[in-house]
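Notes for the one structure printed next.
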Amino acid sequence: MSEANFVYYDEEMRPQEALRPDMAELIDSPVEVIAEQFVIGLSVAESIYRWHVQIIARVEKIAAARALGQVVSYLLRPHKNRRVRDVGIAFSAGFARELNGIRDMADAASKFGCTRALISHEKRKFDRHMLPPNTTLYGKSPAACKKYKEARIRVLNRVNKNGAGERNGRNGNHE
């Protein structure tokens, strides 16, 4: 057993090693870590660290500018119903609830006189434009969307087999 570790005894009273954390490692500054890792002086390590921070800041600004450019180019495209598109974008970004008390897509659809599917379509279209493939934020996964679509097609096929205006043998208004 090494000196750097604590010793404790298990149920059978056998000595076991327990890791003793290196407190210096936990409190070292990034400059000290660089100096120790690369076996260089603190002044050189500080220069490297400042350079690294500047590069990270520049890369973050470039990434933010690119993302903003994508959003602006998407917003400037012509669209038949800009309000619905904008609500779809709000759902995609996760802040639709802060917009005039919109609870969910059904509520938004009733306020804008369209279907929930149209708002969902606009949300997914913006997701595809902004996010990596098969990535969703604030919405159903692509697999869940696919299952919902298949279930909806099965329901519509049943409605068509039963005749117009009937679903499962009942009369009534249907979407």
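Here Ala67 meets each of (1) touching a residue at least 24 places away in the same chain (Cβ under 8 Å); (2) in contact with a Lys or Arg (Cβ under 9 Å, 6 or more places away or on another chain) with one exception, condition (2). Hey, any hits in segment 116-125 for a residue that's in a helix (DSSP H, G or I) and farther than 19 Å from Tyr148 by Cβ? For segment 116-125, residues in a helix (DSSP H, G or I) and farther than 19 Å from Tyr148 by Cβ: absent.
Total residues in segment 26-48 satisfying the condition of being outside any helix (DSSP H, G or I) and surrounded by 16 or more Cβ atoms within 10 Å (Cβ to Cβ): the figure is 0. Among residues that are surrounded by 11 or more Cβ atoms within 10 Å (Cβ to Cβ), free of Cβ contacts under 8 Å to residues at least 60 places away in the same chain, assigned to a loop (DSSP other than H, G, I, E, B) and among the basic types (Lys, Arg), Arg97 is not included. Candidates Val39, Val31, Val84, Val59: the one that is at pLDDT 85 or above, under 23 Å from Lys149 (Cβ atoms) and not hydroxyl-bearing (Ser, Thr, Tyr) is Val84.
The values are calculated or read from the model by the stated rules, or taken from the named source; none is laboratory data. What you see is a predicted model, and the numbers here were worked out from it, not measured in a lab. In this analysis, Cβ positions are derived from the backbone assuming ideal geometry, glycine residues included, and neighbour counts consider all displayed protein chains.
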